[in-house]
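Here, each number is a calculation from the coordinates, and none is a lab measurement. Since the structure is predicted, the reported quantities are computational estimates derived from the model, not experimental observations. Note that each Cβ is placed from the backbone with ideal geometry, even for glycine, and that neighbours are counted across all protein chains shown.
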Amino acid sequence: MSESEWELRCDLAACYHLFVKYGWTDLIFTHLSARVQDEPENYLINPYGLLFDEITASNLIKVNFAGEVVAGDYPYNEAGHAIHSAVLKARPDINVVLHSHTRAGAAVSCMSDGLLPLSQQANEIMGMVCYHEYDYAPDNDDECLRLGNDMADKWLMIMHNHGLLAAGRTVAEAFYNLYILENACKVQVDVLTSGASYRIPSDSARAAIGACGAMPEAGPAPFVDITWRAVLRSLERDGVQWRVGPI
């Protein structure tokens, strides 16, 4: 494989282990994907049946938009293919898609008001968030088309009664986007659970933090890559082997 594909495999495999580290996993379910740079209609995704701490750069499978496994010895999750191929086909500028079923993310997805502008993190990404009404994805072409259309020009999606979806041009950018959204959901659940009255920041403050968090047109913000290198170091300190060792 090309050097760029191997580097992408390493980053995506690391992201699976970061899901484990931050408690974002759901047994063998949910899925993370990355478009292969030189093969825009092929993407990498986890082998169905492996826990996220079993994922390595070597055992990720390559799938095309038609649902054919191009490289790898495992099947894929049908819902995963439906969701990820829908977004990647609809948005050529998106290269990475992360999907989670976390407790906080799923809880906010069930709230009729969606994400509230309570915290700095919520307001950082509020303008990047869209919503998608729940439906069952596998073998549902209309649902996949609607999913891609609902993404429009946004980078984060709250899938009602389901979970979260984050996108990026790189694995680092998608991870950062999901991290901010997930924390915003956790804060919201905590605030609402407390039963206390809450404050909403001023319109000017919300606009200012939203401008800081907006996606730069030229590529990921410098702090995104700095953050990514930091979290990779944390995996190395934990002794995680994500680059080699197929299961």
Residues of region 115-162 classified as in contact with a Pro (Cβ under 7 Å, 6 or more places away or on another chain) and assigned to a helix (DSSP H, G or I), total:
2
Please enumerate the residues belonging to region 177-194 that are crowded, with 24+ Cβ neighbours inside 10 Å and over 9 Å from the mean Cα position of the chain (by Cα).
181, 184, 185, 188
Tell me, which residue of region 73-103 that is of a type in the set (Gly, Ala, Ser) and surrounded by fewer than 21 Cβ atoms within 10 Å (Cβ to Cβ) is farthest from residue 55 (Cα to Cα)?
90
Tell me the residue from 149, 123 that is in contact (Cβ under 8 Å) with a residue 40 or more places away in the chain and within 25 Å of residue 41 (Cα to Cα), please.
149
Test residue 83 against the criterion of being touching a residue at least 40 places away in the same chain (Cβ under 8 Å), of a type outside the set (Gly, Ala, Ser), assigned to a loop (DSSP other than H, G, I, E, B) and under 11 Å from residue 165 (Cβ atoms), and give yes or no.
no
I'd like to check something: does region 112-134 contain any residue that is surrounded by fewer than 19 Cβ atoms within 10 Å (Cβ to Cβ), under 19 Å from residue 178 (Cα atoms) and polar (S, T, N, Q)?
yes
Filtering region 16-63 down to residues that are in a loop (DSSP other than H, G, I, E, B) and of a type in the set (S, T, N, Q), which residue is nearest to the chain's Cα centre (by Cα)?
30
